[in-house]
Amino acid sequence: MMDLLGGTGGPVRIAGRELPRDELLGRASAVAAEIRGADAVAVHATASLETVAAVVGGLLAGVPVVPLPPDSGPAERAHILGDSGASLLLAAGGTERSEGEPPLVPVDALPHHGGGGGGEVPADATALILYTSGTTGAPKGVLISRSAIAAGLDALAEAWAWTSDDVLVHGLPLFHVHGLVLGVLGPLRAGSRLVHTGRPRPELYAAAARDDGGSLFFGVPTVWSRTAADPSTAGALRGARLLVSGSAPLPVPVFERLSALTGHRPVERYGMTETLITVSARADGDRRPGYVGTPLPGVETRLTAEDGSPVPPDGETPGELHVRAPLLFKGYLNRPEATAESFTPDGWFRTGDIATIGPDGWHRIVGRASTDLIKSGGYRIGAGEIENALLAHPAVREAAVLGTPHDDLGEQVTAYVVADGVGEKELIDFVAERLSVHKRPRVVHMVGSLPRNAMGKVVKSRLGEL
Ligand code: MCA
Ligand code: AMP
């Protein structure tokens with residue numbers, strides 16, 4: 001495992017509980033001993049030391065880890081557990097497990113283990129299976145190899161001058177690339193101390209800056225926009241080294257206000273679950289509001305027009321962003337067609353994001369190719385998954401979902417529904433109970449019918465007229 005994570009480094013603190021590095025590795029070794037040989041294990045991914053010990057245990061044992069969002073409702077949970085084939089569920093002892101789910105391994109109640117890895121694990125072995133939304137259907141499992149994680153973290157360490165002297169602070173969820181790969185495996189590889197605040201709340205970041213010497217701060221734009229709205233909290237971040245924003249576009253006014261209040265021009269970076277982080281501003285370079293930076297070491301990018309022809313890097317003409325890099329995913333689990341469709345015949349990954357690239361290599365993300373992928377609070381949400389959840393309600397006859405602008409979340413999930421005898425709140429709660437709570441529509445419009453074209457397909461661009 002030492003190919004992936006450093007053996008030494010600062011302690012890890014999550015939501016107020018801290019473990020020295022060697023003790024954390026001891027707990028992870030105990031997990032590894034318990035799960036070795038399994039095809040895949042699921043982790044009930046609360047923001048906790050148990051989650052970190054479970055994930056690191058999976059890496060030690062060479063067993064693919066499937067983080068389960070802890071608030072995912074029964075439909076989403078059953079899909080992830082069934083699709084991934086996870087044979088064990090790792091969680092703190094006492095965690096509820098439903099009928100039919102894999103047996104629970106109580107991460108905090110295992111006999112202590114002397115440490116020591118198992119055998120060598122190949123670099124291209126799958127380390128993580130992360131479930132993420134597509135435009136239609138249920139979430140897909142993204143297979144991320146050990147070598148991709150190592151390459152991705154080393155590229156970031158270089159770009160951000162991230163070393164063992166840093167104290168990383170964030171409070172992001174531990175079931176996505178941002179919070180888990182960058183936010184937990186990052187400090188474990190770099191050797192830096194981690195202070196995870198439990199929730200990504202500005203006042204908790206400010207406290208970690210004051211009390212723990214936080215130097216490197218990670219947030220999604222919603223977190224930075226809430227920070228920028230609170231001058232005294234923002235002021236506490238003046239002593240930091242680097243404020244990093246990603247997972248969704250950082251609005252230019254938030255960039256400007258954060259700079260004025262903290263004295264730091266934030267570093268913006270761009271990535272995807274499938275590609276890890278590919279483009280970023282640098283610690284030793286310029287930071288431009290509205291731009292996500294230049295490709296990380298080892299990453300190639302290009303823009304392509306709808307007809308497949310190349311788009312010039314003139315800083316103005318938009319095209320679909322394609323990437324090629326050693327840090328790309330291995331494919332979608334059980335979905336060879338979806339994997340094949342996501343690559344061009346000449347081997348580039350189609351991000352689905354529309355971008356411009358300047359002659360100086362600076363990238364700007366200007367939109368998405370599909371309106372069916374929504375980014376709300378930094379979470380990626382597929383319209384189709386929410387439409388299916390709404391259609392599962394017996395009173396709903398038709399449903400269409402899209403993202404609409406939202407000051408705090410960037411976009412919010414907005415639903416248009418044709419239904420009999422059911423109210424907005426009941427439908428919001430219905431989705432929140434079946435899927436992760438963050439996927440619930442924030443607004444539901446009850447309408448008489450949906451606008452459709454001659455083929456009978458819903459014309460989402462006309463929903464706003466209703
Ligand atoms: C609300 N709640 C409900 C309901 N409504 N519970 C049950 N039923 C309902 N109908 C509860 C929630 O459970 C939660 O409780 C509380 O109300 C607030 O929920 P929510 O509105 O979701 O929270 P928020 O504060 O508005 O969330 C904003 C946030 C969050 C904190 C910014 O969106 C967030 O954590 N985003 C991070 C996403 C992220 O990490 N993305 C990275 C993807 P309670 O308070 O008890 O929980 S990786 C990626 O994108 C790439 C690689 C990249 O580039 O990074
Ligand atoms: P996910 O797979 O959840 O990581 O979501 C990936 C998507 O997030 C990308 O395809 C982009 O649409 C969006 N994204 C991530 N970082 C940024 C950024 N800095 N600016 C704009 N969009 C971003």
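The values are calculated or read from the model by the stated rules, or taken from the named source; none is laboratory data. These numbers come from a predicted model, not from an experiment. With ideal geometry, Cβ positions are generated from the backbone for all residues, glycine too; neighbour counts draw on all protein chains shown. Just so you know, the surface numbers come from the protein's heavy atoms only, side chains and all, with ligands and any DNA or RNA stripped out. Shrake-Rupley method; radii C 1.70, N 1.55, O 1.52, S 1.80 Å.
So here's what we get for this one:
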quantity: Sparse-neighbourhood loop sites, GluC sites (Glu not before Pro) in the range 283-344 - DSSP loop, at most 12 other Cβ within 10 angstrom; calculated: E306, E316
quantity: Alpha carbon convex hull of the range 1-62, projected area averaged over orientations, nm²; calculated: 4.1 nm²
quantity: The range 378-462: projected area of the alpha-carbon convex hull, averaged over directions, in nm²; calculated: 5.6 nm²
quantity: ³J(HN,Hα), Karplus 6.51/-1.76/1.60, whole Hz, each residue of the range 160-170, x for Gly, Pro; calculated: 9, 6, 7, 10, 5, 6, 6, 10, 7, 10, 6
quantity: MRE, 222 nm, helices only [DSSP H, n ≥ 4, -39500 (n - 2.57), over the chain, to nearest 500]; calculated: -7500 deg cm²/dmol
quantity: Shape call, the chain: gyration tensor on alpha carbons, a/c limit 1.5; calculated: rounded
quantity: DSSP-loop trypsin sites (Lys or Arg not before Pro) across the range 1-102, with at most 13 other Cβ within 10 angstrom; calculated: R97
quantity: Sum of side-chain charges, R288 neighbourhood, beta-carbon under 9 Å (Lys, Arg +1; Asp, Glu -1); calculated: +1
quantity: Semi-axis lengths (Å, descending) of the ellipsoid that matches the C-alpha gyration tensor of the range 416-466; calculated: 23, 13, 10
quantity: Local electrostatic count, D71, Cβ distance below 14 Å [Lys/Arg +1, Asp/Glu -1]; calculated: +1
quantity: Charge sum, other residues only, whose C-beta stays under 11 Å from S376's C-beta, Lys/Arg counted +1 and Asp/Glu -1; calculated: +3
quantity: Which of H406, H170 is most accessible, then next, and so on - probe 1.4 Å; calculated: H406, H170
quantity: log10 of Debye I(q)/I(0), alpha-carbon scatterers only, for the range 171-298 at 0.09 Å⁻¹; calculated: -0.22
quantity: Alpha-carbon Rg with Dmax, taken over the range 64-202, Å; calculated: 16.5, 48
quantity: Filtered trypsin sites (Lys or Arg not before Pro), the range 421-466: DSSP coil and at most 13 other beta carbons within 10 Å; calculated: K457
